[in-house]
Each structure stands twice: as C-alpha cells, then as structure tokens.
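K.L.:
One structure coming up, written as structure tokens, with questions to follow.
The values are calculated or read from the model by the stated rules, or taken from the named source; none is laboratory data. Remember, it's a predicted structure, so these values are computed and weren't measured experimentally. Note that we place each Cβ from the backbone using ideal geometry, even for glycine, and neighbour counts take in every protein chain shown. When the accessible area is computed, the model is the full protein with side chains, heavy atoms only, and any ligands, DNA or RNA have been set aside. Shrake-Rupley method; radii C 1.70, N 1.55, O 1.52, S 1.80 Å.
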Amino acid sequence: MKRHSLNKILDHVKIDQFYVVCYFKCRVKNKTVISRIPFEPYEGKIEFTWQDIVFHPIESYNRYYHTPITIYDSNIDDDTLVQKAFEKVSKYFKWDSKLQNYVFI
C-alpha cells in the first residue's frame, strides 16, 4: 500500500469510544467509501513504579488514561487506525500511477 497517498483520499474521520469511522473520498469520481473499525486501546507499554503511584497519583493517572494514540501519520511504517481502515476497503480502490493517487474502481 502506498501509505503516503492516503492523506489525498482521506476526507475525514469520526471517533467515539467504540469505533473509528474513516471516510475515503475519490475526487476523480466523487465517490466516498466508509470504513468502520473498532477503536483499539493503546498497544504500547506504560510502566509505573510504586513510588509514582504513591507519590504522584494524579500524574500516574493522567499518563495512563491520557496517552495519545496515532490516528494517522504518513511518515511512520506502523499500522495506524486509518491505515487499518483503508485496508478494509482497499478493494474499492486502485492505484493510479499517473495521478499518484488511489481512484475508486
């Protein structure tokens, strides 16, 4: 998949506590494909020491519950939520090397 080009077809994203809904729009044919995937919790590891929890409980809570996640970043190779959503609907698009973009089939 040509990850750098997803930002050209990603129209907008809606997020709630359960789902991430991505709207991929082909500007050539003016078609929109919607992909809904489950909202995934942070997969990284957040470590605390007992001193953190005892002496800094609010900071520990904030670090655990407010760790940012990456919705989409074209500069990284990790699977982001938008990339996973696009893989789900990629059968509706083909890569056009002339336009350097995905086009609705």
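K.L.:
To the nearest 10 square angstrom, what accessible area does S97 show with a 1.4 Å probe?
P.N.:
80 Å²
K.L.:
Counting only protein chains, not ligands or nucleic acids, how are E87, E40 ordered by accessible area (probe 1.4 Å), most first?
P.N.:
These residues rank, largest area first, as E87, E40.
K.L.:
Which of the peptides 49-57, 20-28 is most tightly packed, and how do the rest follow, judged by the mean count of other Cβ atoms within 10 Å per residue?
P.N.:
Highest-to-lowest ranking by the protection proxy: 20-28, 49-57.
K.L.:
Quick query: amide H of K31 versus all other amide H atoms, modeled in the peptide plane; which residues come in under 5 Å with a sequence gap of 5 or more or a different chain?
P.N.:
C26
K.L.:
Counting only residues 5 or more places away or on other chains, whose amide H sits under 5 Å from the amide H of N101 once H atoms are built in the peptide plane?
P.N.:
The answer is D96.
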